[in-house]
Amino acid sequence: MRKLIQFKNIVKDFDGTLVLKGINLDIYENEFVTLLGPSGCGKTTLLRILGGFLEQTQGEVMFDQIEISKVPPYKREINTVFQRYALFPHMDVFDNIAFGLRIKKQSEEIIKQKVTKMLKLVGLEGYDHRAVTLLSGGQQQRVAIARALVNEPMVLLLDEPLGALDLKLRKEMQLELKKIQKEVGITFIYVTHDQEEALTMSDKIVVLNEGEIQQIGTPTDIYNEPENRFVADFIGESNILEGIMIDDYRVYFDDKEFECVDYGFNDNEEVDIVIRPEDLDIVPLDMGKLTGTVVSSLFKGVHYEIVVKTQDRHMIIHTTDDATVDQEVGLHFFPEDIHVMSKLGAY
């Protein structure tokens, strides 16, 4: 794949506060990339720098091997869909989508062809002359996407565009957005603080915290192989334990030694250990690698969330079987369920 965007040592300072602390990131053609992190981590600032709405304090933004920091937003081959869709209430659906094409003075015949194609792409055929004020939130979002895509940008930026939708519609639109991205074949860069959203849609996830990249990887990498405590804690639920890496494939925690699949650490190095709740099974006491007492059990619809107090800590387990409070149980897991992380900092 062709490298389309390069952020080179991007620093952004707002009145003495560093919001971005030297971001280096490559984005490739036709990727669906998600910038993921908590509020205030710098993800929207990075997106706005790429869109041309903010200028970085230091660093370079390369687009197709050209530095674009001084290029105004309207001259960049980039369009943006905002959380507030910014549709024109006095225009119908067709005219909202056609707006950018008319600014470019394209012929009405070409405009009709392109808008009709976009209406079909986003599932709004027959809505041409509907007032946008009468549309649902999901339909308004589709109009905003169509308006951005009709200009045929090389990159589409999406700044938490599903934030205003209810949970069911948000899940539907996650799948719809991924489908649209595959059909149009351009790069999508998506900003969210919703971990499930990022895992569902992305080819690549960039996890940020406090203006720094913590990890870059596929959804599977980010979930199964977090590189530090922040990523492990932020992406899904985790049991994070302190331990010691005795040597390759052997780790020590909860006063016991366990076999694992990790290697390459220093002998007797202090490490953090992640065991996901779904990787723990409740078993009879004599079959458990750890033992403990059930503290609570909550039914979550798909699974029970059970908290077990072991010798040193509380462990969260997700299982389809219920357990009784104060019941003594064993906890079982496999070597590949243990993920060992260095205590070093960010990516």
Practice problem: Determine which member of the set Ile316, Ile275 is modelled with pLDDT of 95 or more, surrounded by 19 or more Cβ atoms within 10 Å (Cβ to Cβ), under 29 Å from Leu199 (Cβ atoms) and not assigned by TED's automatic domain parsing to the domain that holds Pro219. | Solution: Ile275
Exercise. Return only the number of the condition from (1) crowded, with 16+ Cβ neighbours inside 10 Å; (2) more than 31 Å from the chain's Cα centre (by Cα); (3) of a type outside the set (Phe, Trp, Tyr) that Ile235 does not satisfy.
Key: (2)
Practice problem: Being closer than 28 Å to Ile213 by Cα and either of a type in the set (Gly, Ala, Ser) or out of contact with any helix residue (DSSP H, G or I) (no Cβ under 7 Å at 6 or more places or on another chain) (or both) narrows it down to one of Val271, Val325, so name that one. | Solution: Val271
Quiz item: Does the stretch 106-128 contain at least one residue that is within 30 Å of Val206 (Cα to Cα) and either in a helix (DSSP H, G or I) or more than 31 Å from the chain's Cα centre (by Cα) (or both)?
Solution: yes
Exercise. Only residues that are among the acidic types (Asp, Glu), in a strand (DSSP E or B) and either without any contact (Cβ under 8 Å) to a residue 12 or more places away in the chain or loosely packed, with under 14 Cβ neighbours inside 10 Å (or both): list them for the stretch 58-98, please.
Key: Glu60, Glu67
Quiz item: How many of the residues in the stretch 152-183 are modelled with pLDDT of 90 or more and not charged (D, E, K, R)?
Solution: 7
Practice problem: Being in a helix (DSSP H, G or I) and free of Cβ contacts under 8 Å to residues at least 40 places away in the same chain is the filter here, so list the residues in the stretch 129-158 that pass it. | Solution: Leu134, Gly137, Gly138, Gln139, Arg142
Quiz prompt | Single residue of Leu20, Leu50 found to be outside any strand (DSSP E or B), in contact with a Leu (Cβ under 8 Å, 6 or more places away or on another chain) and either in the same structural domain as Gln174 (by TED's automatic domain parsing) or closer than 21 Å to Val71 by Cβ (or both) | solution = Leu50
Exercise. Inspect all residues belonging to the stretch 99-109 and state whether any of them is at pLDDT 90 or above, surrounded by 16 or more Cβ atoms within 10 Å (Cβ to Cβ) and within 24 Å of Gln174 (Cα to Cα).
Key: no
Practice problem: Taking the options Gly292, Gly288, Gly264, name whichever one is among the small types (Gly, Ala, Ser) and under 29 Å from the mean Cα position of the chain (by Cα). | Solution: Gly264
Quiz item: Among strands (runs of 3 or more DSSP E) lying entirely in the stretch 170-274, which contain 3 or more residues that are in contact (Cβ under 8 Å) with a residue 12 or more places away in the chain and farther than 30 Å from Met118 by Cβ?
Solution: 204-209, 212-217, 239-247, 256-259
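Residue-by-condition table, conditions (1) in contact with a helix residue (DSSP H, G or I) (Cβ under 6 Å, 6 or more places away or on another chain); (2) closer than 18 Å to Val155 by Cβ; (3) at pLDDT 95 or above:
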| position | (1), (2), (3) |
| --- | --- |
| Ile5 | no, yes, yes |
| Lys21 | no, no, yes |
| Leu25 | no, yes, yes |
| Glu31 | no, yes, yes |
| Ser39 | no, no, no |
| Gln56 | yes, yes, yes |
| Tyr74 | no, yes, no |
| Asn79 | yes, yes, no |
| Leu87 | yes, no, no |
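The values are calculated or read from the model by the stated rules, or taken from the named source; none is laboratory data. All figures in this text were calculated on a predicted structure; none of them were measured in a lab. Note that each Cβ is placed from the backbone with ideal geometry, even for glycine, and that neighbours are counted across all protein chains shown.
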